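J.: This is the structure I have questions about; it appears just below.
All of the numbers you see were taken from the coordinates with simple rules; none came from a lab. Since we're looking at a predicted model, the values are computed, not measured. Heads up, the Cβs are rebuilt from the backbone with ideal geometry, glycines too, and the neighbour counts pull from every protein chain shown.
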Amino acid sequence: LKGWTTWGQGADPFETANGPFCFLATEGGVRCAFQPRREHLNGAGAVHGGALMSFADFSLFAFAHNALQGAKAVTLTCNCEFLAPGSCDGLVEAHGEVLRETRSLVFARGLVTQKARALLAFSGTLKKMPS
């Protein structure tokens, strides 16, 4: 997506293969997005739940980018609630926030939407890894 950023080609091979997932830092916080393609769909023709969950996990790290201060981290929990099906018709976006940060953990939440329609609510906990 023009003007958006990714972690870099190959930085996360899974996300590279399943995205590209992108993020954009704004005054209002971090927004994330991806353009669904046919390969993101399930047998019913909706965006696959696994694609939405992978995008939610990516988004947790984008929201927590400043809190992580360059530290590596792993996902401890990622809770997802499916609200509506997505399609290939338009960007899928996520916005969210860091709720709390400790020395070793970051707690965040977000909402995945498409054309202002809520698709997935999610929250998660990231663990900072020792350097």
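J.: Trypsin sites (Lys or Arg not before Pro), restricted to the range 67-131: which are DSSP loop and have at most 15 other Cβ atoms within 10 Å? Provide the component values of the computation, followed by the final result.
T.: Values: sites: 72, 100, 103, 109, 115, 117, 127, 128; in loops: 72, 103, 115.
The qualifying sites are 72, 103, 115.
J.: Still on this structure, please answer the following. For the range 19-100, what are Rg and Dmax over the alpha carbons, in angstrom?
T.: When restricted to the Cα atoms of the range 19-100, Rg and Dmax are 13.4, 41 Å.
J.: Okay, moving on. Spin-label point model (7 Å from Cα, Cβ direction): what's the residue 121 to residue 84 distance in nm?
T.: Label-label distance for residue 121 and residue 84, simple model: 1.5 nm.
J.: Right, another one. Given an 8 Å cut-off on Cα distances and at least 6 residues of separation, report the relative contact order of the chain as a percent. Before the final figure, lay out the partial values.
T.: On the way: 261 pairs, mean separation 32.4, N = 131.
That works out to 25 percent.
J.: While we're looking at this one, here's another question. So what is the relative contact order of the range 38-94, in percent, for Cα pairs below 8 Å that sit 6 or more residues apart? The partial results should precede the final answer.
T.: Values: 25 pairs, mean separation 27.5, N = 57.
The normalised contact order for the range 38-94 reaches 48 percent.
J.: Further, regarding this structure: Between residue 104 and residue 24, what's the calculated FRET efficiency when r is the beta-carbon distance and R0 is 35 Å? Round to 0.05.
T.: Working: r = 28 Å, r/R0 = 0.79.
Efficiency at R0 = 35 Å is approximately 0.80.
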